[in-house]
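Please read the structure below before turning to the comments.
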Amino acid sequence: MSQHLLMVLLSVDCVQVQFRIPAYMVLQKDINPPMRTILVDWLIEVQENFELFHETLYLSVKLTDRYLSRKDVKREYLQLVGATSMLIASKFEVWNMAELGGQYRVDRAWFDHRS
């Protein structure tokens, strides 16, 4: 193995350790792991419906997990955290972001973009 490759691998390991997300679900008072699973399933549906890149989905889950590791979130705001993470991730990954137009279904309720 070359010296350069070894240095790159060591650097990647250091970065991964530095940005590791701790086990945070034990700190959450109002949400639990099955709720996070439902949220990630919903984020997958959003990613498929808007035909976003897979990287956008991965980044949105990472942003959601990072936020949940630092803030205690009530269950009624969990989907909002996921939707906001998806919007932020799409700003990073997608050049032409999906336009907010028409009606959207969020948490069993329909919303008009003009509301």
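Restricting attention to region 53-69, and to residues there that are closer than 18 Å to PRO33 by Cα and among the β-branched types (Val, Ile, Thr), which single residue is surrounded by the most Cβ atoms within 10 Å (Cβ to Cβ)?
In this case the residue turns out to be THR64.
Sort out which residues of region 50-86 are closer than 13 Å to ILE31 by Cα and over 9 Å from the mean Cα position of the chain (by Cα), and write them in order of number.
Answer for region 50-86, where residues must be closer than 13 Å to ILE31 by Cα and over 9 Å from the mean Cα position of the chain (by Cα): LEU68, SER69, LYS71, ASP72, VAL73, LYS74, ARG75, GLU76, TYR77, LEU78, GLN79.
Return the residues of region 28-50 that are of a type in the set (D, E, K, R) and more than 18 Å from TYR77 (Cα to Cα); say none if nothing qualifies.
Step one: filter region 28-50 for residues of a type in the set (D, E, K, R), giving 29-30, 36, 41, 45, 48.
Once the filter is applied, which keeps residues that are of a type in the set (D, E, K, R) and more than 18 Å from TYR77 (Cα to Cα), region 28-50 yields GLU45, GLU48.
Mind checking which pairs have a first residue in region 24-37 that is modelled with pLDDT of 95 or more and a second that is of a type in the set (Gly, Ala, Ser), Cβ under 7 Å, 6 or more apart or different chains?
Pairs found: none.
Could you check region 32-78 and list, in sequence order, the residues that are closer than 23 Å to PRO22 by Cβ, part of a helix (DSSP H, G or I) and of a type in the set (S, T, N, Q)?
THR37, SER60, THR64, SER69
The values are calculated or read from the model by the stated rules, or taken from the named source; none is laboratory data. Keep in mind it's a predicted model, so treat the numbers as computed, not measured. Please note: Cβ atoms are built from the backbone with ideal geometry, for glycine as well, and neighbour counts cover all protein chains shown.
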